[in-house]
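> Dropping the structure in here first, questions after.
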Number of protein chains: 2
Amino acid sequence: MFKVPIARSDVHIHLKRKDVNILFGKDYQLTNLKNLTIPGQFACSETVSLIGPSGRINGVVVVGPERPYSQVEISITNGLTLGIDAPVRLSGDLKGSAPIKVTGPAGSIDFSEGLIVAARHIHMHSSDAAELGVKTGDSVSVRVPGPRGLVFNQVIIKAGDHEALEMHVDFDEGHAAGIEDFQEVEIIL
Amino acid sequence: MFKVPIARSDVHIHLKRKDVNILFGKDYQLTNLKNLTIPGQFACSETVSLIGPSGRINGVVVVGPERPYSQVEISITNGLTLGIDAPVRLSGDLKGSAPIKVTGPAGSIDFSEGLIVAARHIHMHSSDAAELGVKTGDSVSVRVPGPRGLVFNQVIIKAGDHEALEMHVDFDEGHAAGIEDFQEVEIIL
C-alpha cells in the first residue's frame with residue numbers, strides 16, 4: 001500500500017514576468033509569503049482579482065516563482081461564480097482553455113486563454129515513481145477513507161527529481177471527499 | 001449493471017409550519033415553482049438568507065412541502081462562506097447538528113441546530129431496492145464515468161413506495177465528479 005499526503009489547492013494564479021509587470025508594475029518582485037510542499041514553489045503576499053461575465057473573485061493568491069506562461073486555476077464552483085466554463089486540464093496545457101480578465105494594483109489583462117480547472121494529480125520524486133512503477137502522465141486511482149470516502153480515478157502522475165510527494169485536488173474535490181489537508185490517502189495501482 | 005440518474009442539490013431549506021409563519025408570515029402558503037423528481041417534493045418561489053459568523057448566503061430556495069422539522073442543507077464550500085463547520089448527516093438526523101441564523105421577509109430564526117451537509121444518497125422505489133437486494137440505510141458505491149471520473153463510496157439507500165430513482169449529491173460532490181445533472185451513473189454492489 002502506497003500512501004500519499006493530499007492537499008487542497010484554492011483558486012490561484014501563476015504569472016510570467018511580462019504579466020507581473022502589467023499587474024503589479026515594471027520590475028515588481030513577488031513576495032514569498034509561505035513555501036509550499038513542492039520545492040521552490042511559494043504562495044505570494046500578492047493577490048489579484050478575477051472578473052468574469054457573472055461575477056468577480058477577489059484575493060486570488062499568486063503562486064511563485066514566475067513561470068514561462070501565466071495560468072489561472074479555479075474550481076468548477078469558482079467557474080459558476082465567474083460565469084465561465086473552464087476545461088479540466090493539466091498545468092501548462094492551455095491551448096484553447098478559457099479566457100479570463102485579471103486585475104492587479106497596477107493594471108489589468110484580458111487573457112484570451114489560460115483559465116483551467118486543474119486535473120487532480122500527484123507530485124512525486126522520481127524514486128517514488130520508480131518504486132511504484134509509474135511515470136509522468138500515467139493515471140492512478142486514489143482511495144480516500146472516512147465518512148465521505150471515495151476513490152478518485154484519473155489522477156495524473158507528475159514525477160521528477162525536483163518533486164516532493166503530494167496529491168493536489170481543488171476545493172470541490174477536497175470537500176466532496178471531506179479531506180483534511182495533509183491527511184494520507186492510498187494509491188491504488 | 002444498475003444505472004441511476006444523478007442530480008446536484010444546491011443549498012436549500014426545509015421548513016416546518018411554525019417556522020414558515022415566522023419567516024414569511026402567519027398562515028403564509030409556500031408557492032410551488034417547480035416539481036422535483038421525488039414525488040410530492042417541489043422547489044418554492046420563496047427564498048431565505050443564511051447568516052453565519054463569517055458570511056451570508058442569499059437566495060436559498062425553500063423546498064416544499066412543509067415538513068415536521070426545519071432543516072438547512074449546505075455544502076462544505078457553503079460552510080466555509082458562512083464560517084460554520086456542519087456535520088455530514090442524513091436528512092432528519094439533526095440532533096447535535098450545527099446552529100444557523102435564517103432570515104426571511106417577515107422575520108428571523110436562530111436555529112440552535114438543523115444545519116447539515118447532506119450525506120450523498122439514492123432515492124429508489126421499493127421495487128428497485130428489491131431488484132438490487134438493498135434496503136433503506138444500506139450503503140453502496142457509485143461509479144461516475146468521464147474525465148473527472150470517480151467512485152463515491154458510502155452512498156446511502158432511501159427506498160420506499162413513494163420514492164423515484166435519483167441519486168443526490170451536493171455541489172462540491174457534483175463538481176468534483178464533473179457531472180451533468182440527470183446523467184446516468186452506475187451502482188456497484
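> Residues with amide H under 5 Å of residue B:107's amide H, sequence separation 5 or more or different chain, H placed in the peptide plane at 1.01 Å from N; which?
When sequence neighbours closer than 5 places are left aside, there are no close amide H contacts.
> What does the charge add up to near residue A:129, with Lys and Arg as +1, Asp and Glu as -1, over the other residues with Cβ less than 13 Å from its Cβ?
For residues surrounding residue A:129, the net value is -3.
> Another one. Taking H placed 1.01 Å from N in the peptide plane, check which residues at least 5 places from residue B:188 or on another chain put their amide H under 5 Å from its amide H.
Amide H to amide H, under 5 Å and 5 or more residues apart or across chains, residue B:188 pairs with B:141, B:142, B:143.
> Still on this model: Measuring from a point 7 Å out along Cα→Cβ, what nm distances, shortest first, does residue B:31 have to its partners in the other copies?
5.0
> For Cα pairs less than 8 Å apart in space and 6+ apart in sequence, what is the mean separation divided by the residue count of region A:10-118, i.e. the relative contact order in percent?
Reported as a whole number, the value is 31 percent.
> A further question follows. Give me the percent of the accessible area of chain B that comes from carbon and sulfur atoms, probe 1.4 Å, all protein chains in place.
53
> Name the residues of region B:77-123 whose accessible area falls by at least 20 Å² when all protein chains are present instead of the chain alone, probe 1.4 Å?
Buried by 20 Å² or more upon assembly, which counts only protein chains, are B:77, B:80, B:88, B:120.
> Per residue, how many Å² of accessible area does region B:10-118 show with a 1.4 Å probe?
Ligands and nucleic acids excluded, the result is 46 Å² per residue.
> Nearest 20 debye, what's the magnitude of the dipole of chain B about its Cα centre given +1 on Lys and Arg Cβ and -1 on Asp and Glu Cβ?
Computed charge dipole of chain B: roughly 400 debye.
> Okay, moving on. For chain A, what does -39500 (n - 2.57) per DSSP helix run (n ≥ 4), summed and divided by total residues, give at 222 nm, in deg cm²/dmol to the nearest 500?
Only helices count here, giving -3500 deg cm²/dmol.
> How much of the DSSP beta bridge set in the protein assembly as shown is antiparallel, as a percent to the nearest 5?
In the protein assembly as shown, approximately 70 percent of DSSP beta bridges are antiparallel ones.
> Ignoring ligands, DNA and RNA and using a 1.4 Å probe, state the total buried accessible area between B and A in Å², rounded to the nearest 100.
Looking at B and A, the buried total is near 1800 Å².
> Oh, and also: Taking square-rooted eigenvalues a ≥ b ≥ c of the alpha carbon gyration tensor, is the protein assembly as shown rounded, prolate or oblate, where a/c under 1.5 means rounded and, failing that, a/b exceeding b/c means prolate?
Oblate, because a/c is 1.5 or more while a/b does not exceed b/c.
> Compute the Cα gyration tensor for chain B, then decide on rounded, prolate or oblate, letting a ≥ b ≥ c be the square roots of its eigenvalues: rounded whenever a/c is under 1.5, prolate when a/b is larger than b/c in the other cases, and oblate in all that remain.
Prolate is the answer for chain B, as a/c is 1.5 or above and a/b outweighs b/c.
> Gap in Å between the Cα centre of region B:111-189 and the Cα centre of region B:75-94?
First find each Cα centre; the distance between them is then 18 Å.
> Using a 1.4 Å probe on protein heavy atoms, which residues of region A:139-166 have at least 30 Å² less accessible area in the complex than alone?
A:147, A:148, A:149, A:150, A:151, A:153, A:154
> A further question follows. ³J(HN,Hα) across region A:183-188 via Karplus (A = 6.51, B = -1.76, C = 1.60, θ = phi - 60°), whole Hz, x for Gly/Pro?
Ordered by residue, 3J(HN,Hα) equals 5, 8, 10, 10, 7, 10 Hz.
> Let me ask something else. To the nearest 20 Debye, how big is the dipole of region A:1-104 about its Cα centre, given +1 on the beta carbon of each Lys and Arg and -1 on that of each Asp and Glu?
100
> Between beta-carbons, use under 14 Å as the cut-off and find the net charge around residue A:139, counting Lys and Arg +1, Asp and Glu -1.
Net of charged neighbours comes to +3.
> With a bin width of 5 angstrom, please list the P(r) values of region A:10-118 as percents of all Cα-Cα pairs, from the 0 bin to the one holding the largest distance.
2, 13, 25, 26, 20, 11, 2, 0
> Can you compute 3J(HN,Hα) from phi for each residue in region A:55-67, using the Karplus curve 6.51 cos²θ - 1.76 cosθ + 1.60 with θ = phi - 60°, rounded to whole Hz and x for Gly and Pro?
Coupling constants for region A:55-67: x, 10, 10, 9, x, 7, 6, 7, 9, x, x, 4, 10 Hz.
> Return a whole-number percent for the relative contact order of chain B, with Cα pairs under 8 Å and 6 or more residues apart as the contact set.
About 28 percent, as a whole number.
> If you stretched the chain out fully between residue A:29 and residue A:127, how much longer would it get, using 0.36 nm times the residue separation minus the C-alpha to C-alpha distance?
My answer for the length gained is 31.9 nm.
> Are there chymotrypsin sites (Phe, Trp or Tyr not before Pro) in region A:1-48 that DSSP puts in a loop and that have at most 16 other Cβ atoms within 10 Å, and which ones?
Hits after loop and neighbour filter: A:28.
> Would you mind estimating how fast region A:120-188 diffuses translationally, via Stokes-Einstein at 20 °C and 1.002 mPa s with the Kirkwood radius over Cα pairs, in µm²/s?
The calculation lands on 176 µm²/s.
> On to the next question. Taking Cα pairs under 8 Å and at least six residues apart, what relative contact order does region B:120-188 come out at, in percent?
Value for region B:120-188: 44 percent.
> Residue-wise, which Karplus ³J(HN,Hα) couplings in Hz belong to region A:147-158, taking 6.51 cos²θ - 1.76 cosθ + 1.60, θ = phi - 60°, and x for glycine or proline?
3J(HN,Hα) across region A:147-158, in whole Hz: x, 10, x, 7, 10, 7, 8, 6, 9, 8, 7, 10.
> Given a cut-off of 25 Å, name the pairs among A:95/A:158; A:34/A:95; B:16/B:101; B:34/B:95; B:18/B:95 whose C-alpha atoms lie farther apart than that in the structure shown.
A:34/A:95; B:34/B:95
> Any idea what the dipole of region B:120-188 comes to, in debye rounded to 20, about its Cα centre with Lys/Arg Cβ at +1 and Asp/Glu Cβ at -1?
I would put it at about 260 debye.
The values are calculated or read from the model by the stated rules, or taken from the named source; none is laboratory data. In this text, all values refer to a predicted model and were calculated from it rather than measured experimentally. For neighbour counting, all protein chains shown are included, and Cβ atoms are generated from backbone atoms with ideal geometry for every residue, glycine included. The protein model used for the area step is the full one, side chains on, heavy atoms only, and it has no ligands, DNA or RNA in it. Shrake-Rupley method; radii C 1.70, N 1.55, O 1.52, S 1.80 Å.
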